[in-house]
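J.: Questions regarding the structure given below will be posed in turn.
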Amino acid sequence: MTSDHPTAATLRRIAHLDMDAFYASVELLRYPQLKGLPVVIGGSRRREDDLLGRLREAYPEHAWSAENLSEIPLDFFPRISGYTGRGVITTATYAARQFGVGSAMGVMKAAKLCPDAILLPVDFDQYRHYSRRFKAIITEIAPVMENRGVDEVYIDFTEVPGGQREGGRVLARLMQKAIFEDTGLTCSVGVAPNKLLAKMASEFNKPNGISIVHEVDLEQLIWPLPCRKINGIGPKAEAKLATHGIHTIGELAQRDRTWLMEHFGKSYGAWLHDAAHGQDDRAVEISSEPVSISRETTFEHDLHAVRDREALGAIFTRLSAQVADDLQRKGYVGKTIGIKLRYDNFQSVTRDQTLDHYIDQATDIRHAAGQCLKRVDLTRRLRLLGVRVGSLMKREDWQAQGLRSQEAPASPYTESLFGDIDAPHG
Ligand code: TTP
Ligand code: MG
Ligand code: MG
């Protein structure tokens, strides 16, 4: 083996892993009696008490709790045919998809296609919980993972032990097994020379499938597909390509690079040409999801809560503003607000509180942190103060879920600086 001949071990192998019918599969963990049935997720949000309340009424002899949801009789589940409203489906089980039901379809339309389907409300907290779990399992096996949303990731297999065996199949199988054993959920994996091909490949054998694509498979596996299967060719580009008689990726690949650049613009045209030839050198970018965002400061000299009240108040306000800035810049909202103090004897204390809504504004953070401050001893001198926001959610997820409307009105925060506390404890 010489260095100018790439060996098997140097082949770039990139995986795309996508959970199968993700929201629906998570619901089936709760209600295993629905396995194999057409189930549709959408229409409304889940409210735990609703369901349990109705169950207790219908079956008063049974002590219903979150633990025995699997014993709910099938006929108790709401059918989609009873639904009237303008809700949209997030996803459907594979059994429901056989009737033509799928993501983004109106619930009423789905009811026409499959009136016997069971309709369950959405529970984003639960999906986010399982999303974190399956991603944590992956990074234990392969550290270079890029988040692509709630149910999918790219993973660089290239340097991972076993990542080259059978083109990546061995490692993909190991991941499927580890995820299933931990969560009970199945996923599908595509492994290819790059992200572009891996993303397409992960769909080839859904559900619970693995698909391995090599450069030499381009003509046979990729070229017959419609252009829109390329992640980056949307409906607009697809329509324009169609006006030139280009429908499949193979037809796109036949076109001259310069012709594509003339008709689709220099950079998009060049990209189209590369994509049709299976070329893509984007790296798998490790997306580190912060657990919390915080700011703290150590004072030049120790301060006292009462005597240095004004100075402390100003610092407290500044830290809250910095945390708010960080949150907004990084695109997060959070609902656990905490403080950290260090006393002159170097002893540290933390306090936090979890709100029932997400925030990212300085005044709201300052207000919630101020309430935490009421729960600590302020008779001793302080050498450090910190403000932290945890239980983070991506701002776009928060907005997508319409959580804004649930939010409490912004608190008219008027207290002065450190004025949350009038007198120290004790
Ligand atoms: P997908 O991975 O696109 O779909 P899926 O996991 O339900 O099914 P598949 O086996 O084909 O991968 O999306 C992941 C989740 O995102 C899905 O379970 C629900 C949600 N979602 C929506 O809420 N609206 C949508 O339009 C789509 C496509 C997905
Ligand atoms: Mg999926
Ligand atoms: Mg997906």
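What follows is calculated from the coordinates using simple rules that are stated; it is not laboratory data. Values in this document were obtained by computation on a predicted structure and should not be read as measured data. Because the Cβ atoms are built from the backbone with ideal geometry, glycine has one as well, and the counts that use them run over all protein chains shown.
J.: Using the basic label-point model (7 angstrom from Cα toward the beta carbon), what is the HIS277 to THR243 distance in nanometres?
T.: Taking the simple label geometry, HIS277 and THR243 are separated by 2.7 nm.
J.: Dipole magnitude of the chain about its Cα centre, charges +1 at Lys/Arg Cβ and -1 at Asp/Glu Cβ only, in debye to the nearest 20?
T.: Numbers: 54 positive and 56 negative charges, 90 e Å.
It works out to roughly 440 debye.
J.: Normalized C-alpha radius of gyration of segment 223-276, against 2.2 N^0.38 Å?
T.: Normalised Rg, Cα atoms only: 0.95.
J.: Just from the alpha-carbon atoms, what are the Rg and Dmax of the chain in angstroms?
T.: Every Cα atom of the chain included, Rg and Dmax give 26.9, 81 Å.
J.: Rule-of-thumb check for segment 1-150: C-alpha Rg over 2.2 N^0.38 Å?
T.: On the way: Rg = 20.2 Å, N = 150, 2.2 N^0.38 = 14.8 Å.
Cα Rg divided by the expected 2.2 N^0.38 Å: 1.36.
J.: Continuing with the same structure: At 0.36 nm per residue, and after removing the present C-alpha to C-alpha distance, how many nm does the segment from VAL216 to ASP302 gain when stretched out fully?
T.: 24.1 nm
J.: Cross-link partners among lysines for LYS236, C-alpha distance below 20 Å, same-chain residues fewer than 8 apart left out?
T.: LYS266
J.: Between ILE315, ILE286, PRO207, whose Cα lies farthest towards the positive end of the dipole of the chain when Lys and Arg beta carbons carry +1 and Asp and Glu beta carbons carry -1, centred on the Cα centre?
T.: Value: ILE315.
J.: Which ordering of SER294, SER211, SER391, SER65 is given by a fewest-first count of other beta-carbon atoms within 10 Å?
T.: With the fewest neighbours first, SER294, SER211, SER391, SER65 line up as SER65, SER391, SER294, SER211.
J.: What pairs in LYS199/LYS240; LYS109/LYS135; LYS374/LYS394 have C-alpha atoms more than 26 Å from each other?
T.: Exceeds cut-off: LYS109/LYS135; LYS374/LYS394.
J.: Sticking with this one: Please list, by residue number, every one of the trypsin sites (Lys or Arg not before Pro) in segment 117-209 that is coil in DSSP and has at most 16 other beta-carbon atoms within 10 Å. Mind dumping the intermediate values first?
T.: On the way: sites: ARG128, ARG132, ARG133, LYS135, ARG148, ARG165, ARG169, ARG173, LYS177, LYS195, LYS199; in loops: ARG148.
Qualifying residues, ordered by number: ARG148.
J.: With r as the distance between the Cβ atoms of PHE346 and GLN399 and R0 = 51 Å, compute the FRET efficiency 1/(1 + (r/R0)^6) and round to 0.05.
T.: With R0 = 51 Å, the Cβ-Cβ based efficiency is 0.75.
J.: For segment 345-387 and segment 137-159, compute the distance between their C-alpha centroids and round to whole Å.
T.: Centre-to-centre (Cα) distance: 35 Å.
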